Amino acid sequence: MLRENQRRFKFDWLTIILFLLLVGFGYLNILSASHIGDITSYFDTSQLYGKHLIFIGLTFVLIILILSFEAKFYERFASIIYLVAILSLLGLFVFGKDVNGARSWYGIGSMTIQPSEFAKFATALAVAKYISDLQTNMQTLKDQIRVTAIIFIPALLILLQNDAGSTIVYLAFFFVFYREGLQQIYLVVALSLIILAVLALKFGIVITAVVTALVLATHYFFRKKKRASMLQYVLVLLLAIGFSYGVKLFYQHGLKVHQQNRITIFLRLEKDPVKLEQMRKKEAYNLIQSEQAISSGGLTGKGFLQGTRTTGKFVPEQHTDYIFSTVGEEWGFIGSSIVVILFVLLIIRVLYLAEAQKSQFSRVYGYGVASILFVHFTINIGMVMGLIPTVGIPLPFFSYGGSGLWGFTILLFIFVKLDSNKINEW
């Protein structure tokens, strides 16, 4: 059997090439979105693109460090890495720095570090460690509750720091659970709750209750198998009504005004079209400018550094959450499609490699990587194009920032290392 140190350079180069393409293309768009006037030097650290180039350089140092560790290191120390991530999130409540209303950063001189970006890979490691334990059975409620708690703790800490976008990402682990044997009923319940929430906000509790009662009655009378008691259906109806009422209360009293307005705009909850349009112009300014930038790109785009809305700084936060609008304007439909294809290929490749793993730990972690990338990619692009409500969430390997780039790099390259060692797993 080959030793691991004899194979340390035998990595999946397709995954690495896709990563390099995304990071490189991401840098070009950060350059477009952040440059001011003529570009005299790509290494100008007073500009965002110059700083991001340094982040990219440090990323390669980080990759070498990740790949230099023994593959078993990540499984052996998964719990400790998770604990460090939790402590780093707790420390924000004391030492954190407020940025745009969220207390999610540590200030280190002129730089900031966002621990939530690193908590994702730490949580993925902890989930993989727990599920792969010989004593764990995902069919039992006890283990389902415990693994959910592993995810819930960092998600709650991030939510309390007023970073709802990063919290949503933790729903990605639902796909991992489903792959590892979680019963289908959980998927049905999750989809039902989403539908109930939308109905409650859009049409009110009474109509939601009537629709739910009709669905339950239809299921009761046309169910082929032995019918459950009527009392069970009544109980489900009461729970649905209670949930709908809770959604309304949370929307009215649990969310901040700007969060309410984003949902109002997306679901068109405001009946007065004039007020709705006024709200859209105020609360959805970023989205409107983003949509206009993307649509102006046409089929082939305006060309690199030629986007008038990008160079004119019409789209706020264009170098971070709205970076895809730069792609749409300067590279057009063709360029945008290439970006989407690259992400899809990367996610499919990770899933393919995950299925090829002999170790359950490596397989579960691989699915965690693919799920996190998928949720980030889907939500960010959907948000920028107005397909889902606006949520502050970066586009992996594209959005400006060292924490995000390094967090996603660690997430991906730990799996690259685990995959390189699969021949030694028995």
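The values are calculated or read from the model by the stated rules, or taken from the named source; none is laboratory data. Not measured: the values here are computed from a predicted model. Backbone-built Cβ (ideal geometry, glycine too); neighbour counts: all protein chains shown. Quick note on the areas: whole protein, heavy atoms, side chains included, nothing else; ligands and nucleic acids left out. Shrake-Rupley method; radii C 1.70, N 1.55, O 1.52, S 1.80 Å.
Structural remarks
- Pairs of Cα atoms nearer than 8 Å and 6+ residues apart set the relative contact order; for the range 342-426 it is 30 percent.
- Shown is the FRET efficiency for residue 211 and residue 288, computed with R0 = 35 Å from the Cβ-Cβ distance and rounded to the nearest 0.05: 0.60.
- Accessible area per residue for the chain is 51 Å², calculated with a 1.4 Å probe on protein heavy atoms, without ligands, DNA or RNA.
- For the range 262-405, the relative contact order is 24 percent, taking Cα pairs closer than 8 Å that sit 6 or more residues apart in sequence and dividing their mean separation by the residue count.
- Unit charges at the beta carbon, dipole of the chain: most positive-side option, 151, 118, 84: 151
- Net charge dipole, the chain: roughly 1260 debye, given to the nearest 20, about the Cα centre with Cβ charges of +1 for Lys and Arg and -1 for Asp and Glu.
- Max mean-square fluctuation residue, GNM over the chain, Cα-Cα springs under 10 Å, options 315, 99, 391: 99
- Max mean-square fluctuation residue, GNM over the chain, Cα-Cα springs under 10 Å, options 198, 350, 327: 198
- In this rough spin-label picture, where each label sits 7 Å from Cα along the Cβ direction, the residue 140-residue 184 distance is 2.6 nm.
- In the chain, helical runs assigned H by DSSP with n ≥ 4 each contribute -39500 (n - 2.57); averaged across all residues and rounded to the nearest 500, the mean residue ellipticity at 222 nm is -22500 deg cm²/dmol.
- Carbon/sulfur fraction of accessible area - the range 96-226, other protein chains in place, 1.4 Å, %: 71 percent
- Across the range 243-250, computed HN-Hα scalar couplings (Karplus, 6.51 cos²θ - 1.76 cosθ + 1.60, θ = phi - 60°) run 5, 4, 5, x, 4, 4, 4, 5 Hz from first to last residue, x flagging Gly and Pro.
- A 1.4 Å probe, protein heavy atoms only, puts the accessible area of residue 294 near 40 Å².
- On the range 319-381, 75 percent of the accessible area sits on carbon and sulfur atoms, based on a 1.4 Å probe.
- Taking each residue as 0.36 nm, the span from residue 378 to residue 72 lengthens on full extension beyond its C-alpha to C-alpha distance by 107.0 nm.
- Three-way shape call for the chain based on the alpha-carbon gyration tensor, with the a/c threshold at 1.5: oblate
- Charge tally in the Cβ shell below 10 Å around residue 290, where Lys, Arg are +1 and Asp, Glu are -1, residue 290 excluded: -3
- Estimated FRET transfer efficiency (residue 41, residue 17; beta-carbon r; R0 35 Å; 0.05): 0.80
- Using the Cβ-Cβ distance between residue 256 and residue 295 with R0 = 25 Å, the FRET efficiency computed as 1/(1 + (r/R0)^6) comes to roughly 0.25.
- Among the listed pairs 142/358; 120/302; 120/422; 275/313, those beyond 31 Å (Cα-Cα): 120/302
- Integer Hz, Karplus 6.51/-1.76/1.60 couplings in order for the range 199-209, x for Gly and Pro: 4, 4, 6, 7, 10, x, 6, 4, 5, 4, 5
- Spin-label pair residue 271/residue 340, simplified geometry with 7 Å Cα→Cβ offset, distance in nm: 3.7 nm
- For the options 323, 207, 66, a Gaussian network treatment of the chain with springs between C-alpha atoms closer than 10 Å singles out 207 as fluctuating the most.
- Available extension along the chain between residue 110 and residue 193 is 25.5 nm, counting 0.36 nm per residue and deducting the alpha carbon span.
- Cross-link partners of residue 271 among aspartates and glutamates, defined as those whose alpha carbon lies under 20 angstrom from its own and excluding same-chain residues fewer than eight positions apart: 283.
- Dividing the mean sequence gap of close Cα pairs (under 8 Å, 6+ apart) by how many residues the chain holds gives a relative contact order of 26 percent.
- Cα gyration tensor shape of the range 172-254, rounded if a/c is under 1.5, else prolate or oblate by comparing a/b with b/c: oblate
- In terms of accessible area, using a 1.4 Å probe and ignoring ligands and nucleic acids, 250, 266, 121 rank largest first as 250, 266, 121.
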